[in-house]
Structures are given as C-alpha cells and as structure tokens.
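Enquirer: Here it is, the structure in full.
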Amino acid sequence: QVQLVESGGGLVQAGGSLRVSCTASGRTFSRYDMAWFRQAPGKEREFVAGISWRQTTYYADSVKGRFTISRDAAKNTVNLQMNSLNAEDTAVYYCAAGPSGLPTDPGRYDYWGQGTQVTVSS
C-alpha cells in the first residue's frame, strides 16, 4: 500500500516557475514508477511526466523542455519543477504510483494523491 500527498501548488504569473512535490508513505515506494498527471476543468486527466525507479524520465510533448521530474528515494518524494508556465498549464496536478513502463493511461496507475491546484495567470 502506498499513500501519496501532493504539495506546492499555487498561483503564478505566466512565464514564472513553480515546484510541486509528492510525498509517499509505504515501504514499497521504491518499487513503483511514479508520474504526474493533470486535469483542467472540463478536460480528461492527462499524463505530464513520469520517472521510473531506475530514474528514467518521460515527458508529454507539451511540457518537454519546461518541466523536470525527479525523485529522491531516501526522502520518498517525487518533484515536478515547472518553468515557463503558461495559462494552458492551469490544472489540478496529481501524483500517481504505478506499473513499470510509465504508461500514459491514468487507468493503469494503482495509487493517487488528492491533487494540488496550479493556476497560471496571463
């Protein structure tokens, strides 16, 4: 069993930066690949970035070059550094733990956090 808690969301101006973090509890955290998803009002939940337990990373094209995902096994945390934010990045951001391979289908992930709101003002 893995419990996930996100933090670090907030309001930022377009072009600014923000970092969201996910803290996991549970002894098996290191066995899971981790990902960030986001969901804007009226839209489906979409994959943003993922990191495997081997530190392999994968990004959605829309955030590539602007977002960086990292994980700290010792602290049981996964971070998402977001730079050059724009209004289209406004969404609730969710942390998820799931199977290897970093699938982009949210239905394949086993555990989810409660989400943290990120709002980018233009």
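Enquirer: Taking the condition part of a loop (DSSP other than H, G, I, E, B), surrounded by 12 or more Cβ atoms within 10 Å (Cβ to Cβ), touching a strand residue (DSSP E or B) at 6+ places or on another chain (Cβ under 7 Å) and of a type in the set (A, V, I, L, M), does VAL63 pass?
Expert: Values: part of a loop (DSSP other than H, G, I, E, B): yes; surrounded by 12 or more Cβ atoms within 10 Å (Cβ to Cβ): yes; touching a strand residue (DSSP E or B) at 6+ places or on another chain (Cβ under 7 Å): yes; of a type in the set (A, V, I, L, M): yes.
Yes.
Enquirer: Only residues that are more than 17 Å from VAL20 (Cβ to Cβ) and touching a helix residue (DSSP H, G or I) at 6+ places or on another chain (Cβ under 9 Å): list them for the range 101-113, please.
Expert: Of everything in the range 101-113, just one residue is more than 17 Å from VAL20 (Cβ to Cβ) and touching a helix residue (DSSP H, G or I) at 6+ places or on another chain (Cβ under 9 Å), namely GLY101.
Enquirer: Does the range 92-113 hold any residues that are in contact with a strand residue (DSSP E or B) (Cβ under 7 Å, 6 or more places away or on another chain) and either over 24 Å from ASN76 (Cβ atoms) or of a type in the set (S, T, N, Q) (or both), and which are they?
Expert: SER100, THR104, listed by residue number.
Enquirer: Okay, next question. Enumerate the pairs (first residue in the range 72-90 and more than 11 Å from MET34 (Cβ to Cβ) and part of a strand (DSSP E or B); second residue anywhere and open to solvent by 40 Å² or more (accessible area, probe 1.4 Å) and basic (Lys, Arg)) with beta-carbon separation below 6 Å, excluding pairs fewer than 6 apart on the same chain, so at least 6 apart or on different chains.
Expert: GLN81/ARG19
Enquirer: Moving to a separate point now. Filter the range 8-58 down to residues that are of a type in the set (Phe, Trp, Tyr) and open to solvent by less than 40 Å² (accessible area, probe 1.4 Å) and give me whichever is farthest from LEU85 (Cα to Cα).
Expert: In the first step, residues of the range 8-58 are kept if they are of a type in the set (Phe, Trp, Tyr); the result is 29, 32, 36-37, 47, 53, 58.
Narrowing further to those that are open to solvent by less than 40 Å² (accessible area, probe 1.4 Å): 29, 36-37, 47.
On the way: PHE29: 29, TRP36: 16, PHE37: 16, PHE47: 17 Å.
Here the residue is PHE29.
The values are calculated or read from the model by the stated rules, or taken from the named source; none is laboratory data. These figures come from a predicted structure and were not determined experimentally. With ideal geometry, Cβ positions are generated from the backbone for all residues, glycine too; neighbour counts draw on all protein chains shown. Keep in mind that these areas ignore ligands, DNA and RNA; they rest on the heavy atoms of the full protein, side chains included. Shrake-Rupley method; radii C 1.70, N 1.55, O 1.52, S 1.80 Å.
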